[in-house]
Amino acid sequence: MGTKGKHNDDTLRELKGVKQPQTIQKIKLNRGKSPSANVFVTHILQGDISYLSRAITLVESTNELHQKKAAKIIQACLPYANNSIRIGITGVPGVGKSTFIEALGKYLTKKDKKIAVLAIDPSSSVNKGSILGDKTRMGDLVKDKNAFIRPSPSGDSLGGVAKKTRETIILCEAAGFDTIFIETVGVGQSETAVHSMVDFFLLLKLAGAGDELQGIKRGIIEMADAIVINKADGTNIKQAALAKADFSRALHLYPLKKSSWQPKVTTCSAIDNKGIDAVWQLIEEYMALTKKSGYFEGQRNEQNTFWVLETINEQLKNRFYHHPLIKKELAAVLKKVQQQQLTPFEAAKKVLAAYYKKGAV
């Protein structure tokens, strides 16, 4: 019994003297410590993907401190931005957007281009979660040292487009990426928002899907700078050629764009890697035309103006609905509307009147 007690006592004495390795002590000291905005900027300008990813996480965060640091980082990176081609890519789910982007991305990285893919992933309207599966769908591109793929949850922002996509573009450009792809969720309204932040807008279509002309939204056709019929392979080659002819005739019915560019239609097979070079050639032709005419720079300026106003609208809306007075007043008038005691229009007037009268502005 005495031996057992002595053994336990010795064990405890030995454990008390154990010193933790220095590396573990450093980890404990640095845990939770975030680099300064200047450190972030230095690493981003050096093309450090780790710091770029962390900076984008700050941009997407709703934490006030994160937002302040993100604003400093973006402001410092701004002089090094605006030196890329921004390409919006849309199409209905199942059209092969991820496969197409990977094929085009690999084609460009072989030409020593640096590619950033900002994939807007649909968020659940129920629990706000999202799949963020683009990295798994672009398995080859994600391993390419000249490519960066960043899936972002769409949240509840305009048309399913991540609110901070424009800031993310600036960070990617500052990190040296010269070609930015923005992939939309392909659900309808998101195209408008993406179109307002890119230089070239590409619509992916499928042949034989039943919407060659009638079912497609006129607005999306009007926005498209090029229509690409994907999956033009196997038994689908003939159908793809017919779809190309149909869309080409349809596009000639639309008035010429402000850019003086006549949108074109081409076919490709992303999975077989055919026709990808022709798509890039179209984009290069467009860029040469719009830069020569001055439209490219003018369009960028118009987009900046649009997003200033859009941000002001967003801030005003958020401030209005989160104001305690409005929450209370809105709940009261909604109850009256539901009880048929007040029309929706009068209810809105009452809420706005209360907002301005009590100086909530």
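The values are calculated or read from the model by the stated rules, or taken from the named source; none is laboratory data. Note that this is a predicted model, so its numbers are computed, not measured. Don't worry about glycine lacking a Cβ; one is built from the backbone with ideal geometry, like all the others, and counts go over all protein chains shown.
Determine the pairs where a residue that is farther than 20 Å from Met223 by Cα, located within segment 77-97, has a partner that is in a loop (DSSP other than H, G, I, E, B) and at pLDDT 95 or above with Cβ atoms under 7 Å apart, the partner being 6 or more residues away or on another chain.
Between residues of segment 77-97 that are farther than 20 Å from Met223 by Cα and residues that are in a loop (DSSP other than H, G, I, E, B) and at pLDDT 95 or above, the close pairs are Asn83/Asp178; Ser84/Phe177; Ser84/Asp178.
For Lys164, which of the numbered conditions (1) within 26 Å of the chain's Cα centre (by Cα); (2) modelled with pLDDT of 90 or more; (3) of a type in the set (D, E, K, R) fails to hold?
(2) is the only condition that Lys164 fails.
Would you pick out the residues in segment 268-291 that are in contact (Cβ under 8 Å) with a residue 40 or more places away in the chain and not in a helix (DSSP H, G or I)? Explain how you work it out, then say what you get.
Initial filter on segment 268-291 (in contact (Cβ under 8 Å) with a residue 40 or more places away in the chain): 268, 270-271, 273-277, 279-280, 282-283, 286-287, 290.
Listed by number, the residues that qualify are Cys268, Ala270, Ile271, Asn273, Lys274, Gly275.
Being at pLDDT 95 or above and surrounded by 19 or more Cβ atoms within 10 Å (Cβ to Cβ) is the filter here; which residues of segment 171-197 pass it?
Matches in segment 171-197: Leu171, Cys172, Glu173, Ala174, Ala175, Phe177, Thr179, Ile180, Phe181.
Every residue in segment 206-241 that is of a type in the set (Lys, Arg), at pLDDT below 90 and touching a helix residue (DSSP H, G or I) at 6+ places or on another chain (Cβ under 9 Å), please. Steps first, please.
Taking segment 206-241 first, the residues of a type in the set (Lys, Arg) are 217-218, 231, 238.
If we keep only those that are at pLDDT below 90 too, we end up with 217-218.
Matches in segment 206-241: Lys217 only.
Select from segment 238-249 the residues that are surrounded by fewer than 17 Cβ atoms within 10 Å (Cβ to Cβ) and not charged (D, E, K, R) and list them in ascending order. Walk me through how you get there before you give the answer.
As a first pass, look at segment 238-249 and keep what is surrounded by fewer than 17 Cβ atoms within 10 Å (Cβ to Cβ): 238, 241-242, 245-246, 248-249.
If the condition is that a residue be surrounded by fewer than 17 Cβ atoms within 10 Å (Cβ to Cβ) and not charged (D, E, K, R), then Ala241, Leu242, Ala245, Ser248 are the ones that fit.
Out of the residues in segment 301-322 that are surrounded by 14 or more Cβ atoms within 10 Å (Cβ to Cβ) and at pLDDT 90 or above, which is nearest to Lys357 (Cα to Cα)?
Across segment 301-322, the extreme among qualifying residues is Phe320.
Among the residues of segment 71-90 satisfying the criterion of being closer than 15 Å to Arg166 by Cβ and within 17 Å of the chain's Cα centre (by Cα), which is surrounded by the fewest Cβ atoms within 10 Å (Cβ to Cβ)?
Only one residue tops the list, namely Asn82.
Only one of Ala250, Ala243, Ala224 is in the same structural domain as Thr99 (by TED's automatic domain parsing) and within 23 Å of the chain's Cα centre (by Cα); which? Even if it seems obvious, please write down each step before you answer.
Values: Ala250 fails: within 23 Å of the chain's Cα centre (by Cα); Ala243 fails: within 23 Å of the chain's Cα centre (by Cα).
One residue alone meets the criteria, Ala224.
Residue check: is Leu282 closer than 30 Å to Ser248 by Cβ, touching a strand residue (DSSP E or B) at 6+ places or on another chain (Cβ under 9 Å) and surrounded by 12 or more Cβ atoms within 10 Å (Cβ to Cβ)?
Yes.
Give the residue, chosen from Val117, Val41, Val95, that is assigned to a loop (DSSP other than H, G, I, E, B) and surrounded by 21 or more Cβ atoms within 10 Å (Cβ to Cβ). Before the answer, list the steps.
Working: Val117 fails: assigned to a loop (DSSP other than H, G, I, E, B); Val41 fails: assigned to a loop (DSSP other than H, G, I, E, B).
Of the residues listed, the single one that is assigned to a loop (DSSP other than H, G, I, E, B) and surrounded by 21 or more Cβ atoms within 10 Å (Cβ to Cβ) is Val95.
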